[in-house]
Amino acid sequence: MGYIELEVLDDQPKRVVIGIDLGTTNSLPAIWKEGRPEVLEVEGEPALIPSVVHVSDDGTAVVGRTARARSMDDPAHTVHSIKRFMGRSLEELDEAVLQRLPYQVTQTERGLVQVEVAGKSFTPQEISALILREVAAQAGVAMGGAEVLSAVITVPAYFDDAQRQATRDAARLAGLEVLRIINEPTAASLAYGLDQKGEGTVAVYDLGGGTFDVSLLSIEDGVFQVLSTNGDTSLGGDDLDAALVDLLRGELEGSVERSVFEEPAFRQAARLAAEKAKIALSKDPAADLAISLPELGLNARRTVTREEFEALAAPLVERSLHCCARALKDADLSAADVDEVVLVGGSTRVPLVRAEVERFFGRPPHTGLDPDQVVALGAAAQAEVLMGGSRDILLMDVTPLSLGLETMGGAAEKLIQRNSRIPCSVKEGFTTYADNQSAIDFHVLQGERELAADCRSLGRFKLTGIPPMPAGLPRVGVKFHLDADGILTVSAKEESTGASASIEVKPSHGLTEEEVEAMLEASLENAKRDFEERRRVDLIAEIGIMLRHAKANLGVAEERLDRESMEDLREAIAAAEEAQSSLELELVQIARDTLDRATMPLATVLMDSVVKEAVSGKKLGDV
Amino acid sequence: MSTACPSCGAGLETPLACGACGVLMLQEDAVCPFEVFGLKEAFHLDTGDLRARLRRFTRLVHPDFFALEGEEAIARAERNNALLNEAYGLLSDEARRADRLVSSLGGPTEKDLGSMPQAFLMEVMEWNETLEEAPPGSDAMLQLERELNEHRDQISEQIGAALTPLPQPGDESLAAIRQGLNARRYVDRALARISASSAPS
């Protein structure tokens, strides 16, 4: 029935859905336009937003280029690569990564990771939300002021449930509706239009800033299927930079105090120097690796040859190829079975990477599109599908990791096997162990290991409201549903009585529904505060102009105004001057309004004299 | 099995959705996998045709195509696509397909049958000995892998023959098929151990 109505709705303007590559290093929006995906541009440049957030001591956050620019002079307030932390716990984070950070990373008593910046704590979801908000704002500007409310967001194929959920929560905090979370390799293949090529097997090699992923996809009749994925969540261009930073440290060793290496300013400057050298080495046989920090008594310059760099990079590339080999094995394929190779991520510009990937797969990779843009372009293509533009593209995904529950003995029982097609649902029956037991605890796990302790804990939930019955009698049906985005939802019902049991899920690494709500509320309050602050500043500026004007004409006022008006004016000026340093919006507003009223008689007098002057100098006919 | 779309009256290939008007049908959890794919219950099936149907039907039920049609439509699409994927997982796996047929014909379940014959269990113990003692990639291990694969093919062939044409519901032959399926589990488990031991870490 509803379908007839939908046709009527077709006349309404289509909702704008953009594709967003929410990257570790950079984020980028793209949109479908005139039959193809296009990266959104602001002032003729791709709206590439560095995934960097700077937070000042007063709590003001800036995102993107401005934030990245602050990383030199204010590293301790500048958050980079937050994507590495999405949906993870502190103990899961790479020690070496944490060590390189110029700010503290802590966790809440519930194990939620937080970065400590400017005396405040931010969850990765909140930092990502700031980035997404900026991406959406820039996209809006690029589209001539359209409001962006819906998006397709990409994530690494290896992201588990908690990480996908964290991404979804970040978007929600940013005021964006996520219509679909798609895997980055799938997006990259879409960007190259590989779905139009009939059938074949595609390997997507994605060496980004922070993560490495390899995915094998089969494409048949426009249908994408992820055959296998593998990767290393702590291998990327950042590691190439880190290798160069180590080189730089080696150069300085002995000539400076070791403690200098721990200085935030050194860390950031060294990182930027390394990045610069790395980029130069992609086209030149040698590059300068230079650092100059006079305030730390540091000045070093060294030439790095490509050969030297490649020797440093080789073990990292080798690690990536091991992942490729594992992905092939999982998909039961050999390198020769791969028909197309797609490169994603800025680090794939490194000639050694290209050469090694070509050698491994025995065929030259696709390099036609900018490796920094392919993922966003693919997300835009998928956004077009969601807007109802096309059913030509169909993404059929599998879940990369098994999902299960902890059993009594501490083993992991898998309910959904890895590489199962999604969406999928599995139902399991449970019962009670004790008479009149009214609740059952469950521990949801993700991973391939046999013991619950070795799997990743996704969350715990408690099923309550089971009617009193002898042990073993209640039949509780628990349903796992893994949706098209790879996000798990759990529901349950007591079936023998039909009593609906209620579920309370406590995510191990993510935000609870209440936390998301609280953050949303806080961000609304912040938005209100921001608005009020802006209003106060505007009013004070206005008061300044009014005061200048009134004081300049104080002579005229004394000459022409009655005593009462003059008194009012002096009082209002005094109050306004005081209000100029006030932090109370209301007070500032009252002072401004009083001054406005008190200057009214003066304005009238002034206007009169202006008119008189004008008229007196002219003939009647000119008036 | 309903064969006409309640919404537009067109013929239905799958009970999940109408290929003509796109309407999503509400289905029970326990819908028969063969029915989902518009196929008659049978052991042998054309895997190419099965994949083609999966693609065709996924285009009808995938949540992506209902993204802007509201929560209810998306939820129904999620559910129907999950049913489709579940049915595909079952039909595309020979052992699960046979298991389903034995169950739906009223044959014994895995547990009904009790333990395997003594001779078979002796054989399993021999495999386990090799699995524990022979190093991965050794001749003995490769020999065992070959034997197990042959064994599995043999069981499959027997099961396929016994299920074609389908026996009558409750037929005595179902017990033998179940026993074959149980034996296959032992073989599959042993093969999984071999591939786990030779996997690169």
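The values are calculated or read from the model by the stated rules, or taken from the named source; none is laboratory data. None of these values were measured; they are calculated from a predicted model. Ideal geometry is used to build each Cβ from the backbone, glycine not excepted, and the neighbour counts take in all protein chains shown. For the accessible areas, the whole protein counts, side chains as well, though only heavy atoms, and no ligand, DNA or RNA atoms are used. Shrake-Rupley method; radii C 1.70, N 1.55, O 1.52, S 1.80 Å.
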Open item on the list: For the range B:24-52, give me each residue that is within 12 Å of chain A (Cβ to nearest Cβ) and either assigned to a helix (DSSP H, G or I) or at pLDDT 90 or above (or both).
Closed with: B:24, B:48, B:51, B:52
Open item on the list: Suppose the filter is within 30 Å of residue A:47 (Cα to Cα), away from chain B (no Cβ under 14 Å) and either modelled with pLDDT under 95 or in contact with a Phe, Trp or Tyr (Cβ under 7 Å, 6 or more places away or on another chain) (or both); does residue A:282 pass it?
Closed with: yes
TODO: Please specify each residue of the range A:18-69 satisfying the condition of being under 17 Å from the mean Cα position of the chain (by Cα), under 22 Å from residue A:186 (Cα atoms) and modelled with pLDDT under 90.
DONE: A:24, A:25
Task: residue A:397 vs. criteria of a type outside the set (Ser, Thr, Tyr), open to solvent by 20 Å² or more (accessible area, probe 1.4 Å) and closer than 28 Å to residue B:56 by Cβ - done: no
Open item on the list: If I filter the range A:438-456 for residues that are without any contact (Cβ under 8 Å) to a residue 24 or more places away in the chain and within 28 Å of residue A:511 (Cβ to Cβ), do I get at least one hit?
Closed with: yes
Open item on the list: For the list (1) under 18 Å from residue A:484 (Cβ atoms); (2) without any contact (Cβ under 8 Å) to a residue 40 or more places away in the chain; (3) more than 10 Å from chain B (Cβ to nearest Cβ), I need the number of the one condition that residue A:367 fails.
Closed with: (1)
Task: Those residues of the range A:412-449 which are within 11 Å of chain B (Cβ to nearest Cβ) and either assigned to a helix (DSSP H, G or I) or open to solvent by 60 Å² or more (accessible area, probe 1.4 Å) (or both), in sequence order - done: A:417, A:427, A:448
TODO: Evaluate the range A:460-483: report whether one residue or more is open to solvent by less than 30 Å² (accessible area, probe 1.4 Å), within 14 Å of chain B (Cβ to nearest Cβ), part of a loop (DSSP other than H, G, I, E, B) and touching a residue at least 40 places away in the same chain (Cβ under 8 Å).
DONE: yes
Task: Residues that are at the interface with another protein chain (Cβ under 9 Å from one of its Cβ atoms), surrounded by fewer than 21 Cβ atoms within 10 Å (Cβ to Cβ) and in a helix (DSSP H, G or I), drawn from the range B:59-71 - done: B:59
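Residue-wise test of (1) of a type outside the set (Lys, Arg); (2) surrounded by fewer than 20 Cβ atoms within 10 Å (Cβ to Cβ); (3) more than 10 Å from every other protein chain (Cβ to nearest Cβ).
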residue: B:74; (1), (2), (3): yes, yes, no
residue: B:82; (1), (2), (3): yes, no, no
residue: B:86; (1), (2), (3): yes, no, no
residue: B:100; (1), (2), (3): no, yes, yes
residue: B:106; (1), (2), (3): yes, yes, yes
Task: Matching residues in the range A:199-220 - criterion: being in contact with a Leu (Cβ under 9 Å, 6 or more places away or on another chain) and within 14 Å of chain B (Cβ to nearest Cβ) - done: A:218, A:219
- [ ] Go through A:409, A:378, A:389 for me and flag whichever is under 20 Å from residue B:57 (Cα atoms) and either at pLDDT below 90 or open to solvent by less than 10 Å² (accessible area, probe 1.4 Å) (or both).
- [x] A:389
TODO: Assess whether residue A:582 counts as being outside any helix (DSSP H, G or I) and at pLDDT 75 or above.
DONE: yes
- [ ] Can you confirm whether the range B:145-161 contains a residue that is open to solvent by 20 Å² or more (accessible area, probe 1.4 Å), of a type in the set (A, V, I, L, M, F, W, C) and free of Cβ contacts under 8 Å to residues at least 60 places away in the same chain?
- [x] yes
